[in-house]
Amino acid sequence: MLEILKYNNKSISLNINHQKYNLHAQWLYEISKNTLIRDPYTNQLIIEVAEINKNLFIKQAIIKNNALLIYFNDNSEHIFSKKQILNQLVKHNIKTEKKLWNKKTINLPKFNFKKFNQQMLLEILEAVERFGFCLIKNMPVKKNGINELTNHIGPIKNTNWGGIADVKSIKKAYDLTMTTRALENHTDNPYRFPTQGYIFLHCLENSKFGGANTISDGFYIAEYLKKNFKDYFHTLTTFHTFFEYQDENACLQNNCTLIELDNEKSVSQVRYNNRTEIMPFKNQKDLDKYIEARRKFWSLIKSKTNNLEIKQQSGDMLILDNYRVLHGRTGYKDTENKRYFRQGYMDRDILQSKLKTLRANS
Ligand SMILES: [Fe+2]
């Protein structure tokens, strides 16, 4: 159903499928596909919208052949289908429903790469979007085996450490990842801006003893705080802490909150990285508050009830949403130093773009 309820110079009220929408005249003008406004091939604007005549107004509006036809006072004529208007109305509101989880409620999302096809790729990306992670079994056990999947998604992010990197115990470790030490749960590289969106962690060989991955859902924990510890939640979403990585060739710094909210006050990112946080200088009261809130946040991040343990076998690859899921590793014993993982990052927009394209074509 598409029906005009009323209109004046500057706005129009429509009934679309029994829902009332009040639309601004210039908003409609700007989303128009009229070729005086928009290039038909790229769909990009060819007029300077900030210079549209202040006195632009609707001269006449009618419904014709199930479409909205508007005549503006600059003598231009614009046709809008119901679908086009609805698409524009929801464009900025698309959010996938996230399934928040803890150890008890999660069913490990798992895929077998031997059966890989485009439908499975969509399901893999949907799982990462919904749960913040998934496990892919039977990836090729070779040095750059990660690419066998990521080549179907988009480029691996290059950082100052290069592209796909070793995760292996070495003598002169530049990061504690490269030791046999246990790693407390964390998100990767919050000192980068933007922080890398996704982690691909591929096991070529694991150690006999220990070396399992632990993961917890930062969005679940943030939600728990929001419900049960409002003051802590407020502090963690407003206090800007500081993360830094520095060596001879790099100085990476980021000022940010541990829990970030989007425009609609929904949690959009969590950060926690004990190894690289440098608490900024603030007054006694603010630091007291932050220290207390962070203490609670950490106790939930490490809590056994919130952590899923996954010991990856040769060929297993984890994909982690680095804006949501915190990961760590139990310590390990590996007398022959055989434990060998490879890790690659991907920017947020690259994976999201692939997911949206696959959705549109499915
Ligand atoms: Fe990490």
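The values are calculated or read from the model by the stated rules, or taken from the named source; none is laboratory data. Every value quoted in this text rests on a predicted model; they were computed, and no experiment measured them. Positions of Cβ are backbone-derived with ideal geometry, glycine not excepted, and every protein chain shown enters the neighbour counts.
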#### Entry: Filter pass, Lys302 being in contact with a helix residue (DSSP H, G or I) (Cβ under 6 Å, 6 or more places away or on another chain), surrounded by fewer than 20 Cβ atoms within 10 Å (Cβ to Cβ) and not aromatic (Phe, Trp, Tyr)
no
### Task
Give the residues of region 151-203 that are basic (Lys, Arg) and more than 13 Å from the ligand (Cβ to nearest atom), sorted by residue number.
Lys157, Lys168, Lys171, Lys172
### Query
Considering region 247-288 alone, what residues qualify as being out of contact with any helix residue (DSSP H, G or I) (no Cβ under 7 Å at 6 or more places or on another chain) and among the basic types (Lys, Arg)?
Lys265, Arg271, Lys282, Lys285
### Message
Anything in region 282-317 that is farther than 15 Å from Thr238 by Cβ and assigned to a loop (DSSP other than H, G, I, E, B)? List them, or say none.
### Response
Ser303, Lys311, Gln312, Gln313, Ser314, Gly315, Asp316
### Task
Say whether the condition of being part of a loop (DSSP other than H, G, I, E, B), at pLDDT below 95 and under 23 Å from Thr195 (Cβ atoms) is met by at least one residue in region 232-247.
yes
### Message
Looking at region 249-265 only, could you name the residues that are surrounded by fewer than 10 Cβ atoms within 10 Å (Cβ to Cβ) and either part of a strand (DSSP E or B) or touching a Leu at 6+ places or on another chain (Cβ under 8 Å) (or both)?
### Response
none
### Selection within region 312-338 - away from the ligand (no atom under 15 Å from the Cβ) and among the basic types (Lys, Arg)
Lys333, Lys338
#### Entry: Top-ranked residue of region 179-216 - restricted to ones that are touching a residue at least 24 places away in the same chain (Cβ under 8 Å) and of a type in the set (Val, Ile, Thr), ranked as surrounded by the most Cβ atoms within 10 Å (Cβ to Cβ)
Thr187
### Task
Scan region 266-276 for residues that are of a type in the set (S, T, N, Q) and either more than 15 Å from Arg294 (Cβ to Cβ) or surrounded by fewer than 16 Cβ atoms within 10 Å (Cβ to Cβ) (or both) and jot them down.
Ser266, Ser268, Gln269, Asn274
